[in-house]
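Below is one structure; the comments refer to it alone.
The values are calculated or read from the model by the stated rules, or taken from the named source; none is laboratory data. Keep in mind that what you see is a predicted model, and the values were worked out from it rather than measured. Don't worry about glycine lacking a Cβ; one is built from the backbone with ideal geometry, like all the others, and counts go over all protein chains shown.
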């Protein structure tokens with residue numbers, strides 16, 4: 001299990017802090033202590049941005065045409081330049097989840113993992129790893145904040161909300177304080193969901209040691225990262 005964020009690498013049950021750019025040399029040093037074999041990478045949401053598409057009534061037939069269509073929609077939605085490696089997942093009800101990473105960054109990570117004899121077998125954003133372990137076990141509509149610390153008590157990250165399925169996904173690379181997250185991101189999102197009778201009943205917060213009082217009852221998740229996980 002490799003947990004990769006701008007400020008740290010957590011692998012093999014150990015955490016190494018990162019200051020400055022995450023170069024290949026820095027990554028190699030952080031991963032050298034792992035046992036040989038396949039690895040599952042969970043990385044910061046900003047490195048693998050995600051898009052929730054709704055009302056996709058028709059998609060092209062054939063795998064190549066479908067892949068090209070989702071790459072185009074992903075790049076268009078996020079105004080990205082350069083080739084992206086994009087994965088798509090059908091959520092039913094004409095909804096799709098797209099997650100993508102610049103091809104150059106993906107190839108760099110793949111090459112590092114192969115050089116170390118620890119090939120990447122799974123690669124996903126942090127919010128999705130958390131969501132897959134939380135949403136299915138919740139009995140009421142909820143909201144998850146997947147946060148990464150920035151400067152001076154601020155955070156970047158993702159807001160994901162669910163009812164029966166994933167209902168809303170919003171991401172911010174601009175750092176904000178917890179109070180700003182609540183006022184400018186959580187509460188407007190809650191009001192939007194309320195229009196569809198999917199108002200969140202709980203707020204689960206990952207990545208912050210404490211959280212201010214919030215109209216949506218909040219619970220801080222324990223920051224436990226497994227050393228190993230089934231692939």
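Regarding segment 179-196, can at least one residue be identified that is farther than 19 Å from residue 91 by Cα and touching a helix residue (DSSP H, G or I) at 6+ places or on another chain (Cβ under 9 Å)? Looking through segment 179-196, none of the residues is farther than 19 Å from residue 91 by Cα and touching a helix residue (DSSP H, G or I) at 6+ places or on another chain (Cβ under 9 Å). For segment 164-179, a residue qualifies if it is out of contact with any strand residue (DSSP E or B) (no Cβ under 9 Å at 6 or more places or on another chain) and free of Cβ contacts under 8 Å to residues at least 24 places away in the same chain, and exactly one does: 164. Among the residues of segment 43-52, is there at least one that is modelled with pLDDT under 95, surrounded by 13 or more Cβ atoms within 10 Å (Cβ to Cβ) and closer than 21 Å to residue 106 by Cβ? No, because not a single residue in segment 43-52 is modelled with pLDDT under 95, surrounded by 13 or more Cβ atoms within 10 Å (Cβ to Cβ) and closer than 21 Å to residue 106 by Cβ. Does residue 102 satisfy the condition of being modelled with pLDDT of 95 or more and surrounded by fewer than 18 Cβ atoms within 10 Å (Cβ to Cβ)? When the stated conditions are applied, residue 102 passes them.
Of the residues making up segment 99-151, those that are in contact (Cβ under 8 Å) with a residue 12 or more places away in the chain, part of a loop (DSSP other than H, G, I, E, B) and farther than 24 Å from residue 7 by Cβ number 5. Taken as a whole, segment 74-88 holds at least one residue that is crowded, with 19+ Cβ neighbours inside 10 Å and farther than 25 Å from residue 118 by Cβ. Checking each residue in segment 1-25 for being within 28 Å of residue 160 (Cβ to Cβ) and outside any loop (DSSP other than H, G, I, E, B) picks out 2, 3, 4, 5, 8, 9, 10, 11, 15, 16, 17. Just a yes or no: is a residue in segment 139-161 under 30 Å from residue 64 (Cα atoms), at pLDDT below 95 and out of contact with any strand residue (DSSP E or B) (no Cβ under 6 Å at 6 or more places or on another chain)? Scanning segment 139-161, I find no residue that is under 30 Å from residue 64 (Cα atoms), at pLDDT below 95 and out of contact with any strand residue (DSSP E or B) (no Cβ under 6 Å at 6 or more places or on another chain), so the answer is no. Checked against (1) surrounded by 11 or more Cβ atoms within 10 Å (Cβ to Cβ); (2) in contact (Cβ under 8 Å) with a residue 24 or more places away in the chain; (3) farther than 30 Å from residue 227 by Cβ; (4) under 21 Å from the mean Cα position of the chain (by Cα), residue 7 meets all criteria but (3). Evaluation of residue 28 against the conditions (1) surrounded by 12 or more Cβ atoms within 10 Å (Cβ to Cβ); (2) touching a helix residue (DSSP H, G or I) at 6+ places or on another chain (Cβ under 9 Å); (3) not in a helix (DSSP H, G or I) shows that the sole unmet condition is (3). For residue 33, are the conditions met, namely being more than 20 Å from the chain's Cα centre (by Cα) and either outside any strand (DSSP E or B) or exposed (fewer than 15 other Cβ atoms within 10 Å of the Cβ) (or both)? It is true that residue 33 is more than 20 Å from the chain's Cα centre (by Cα) and either outside any strand (DSSP E or B) or exposed (fewer than 15 other Cβ atoms within 10 Å of the Cβ) (or both).
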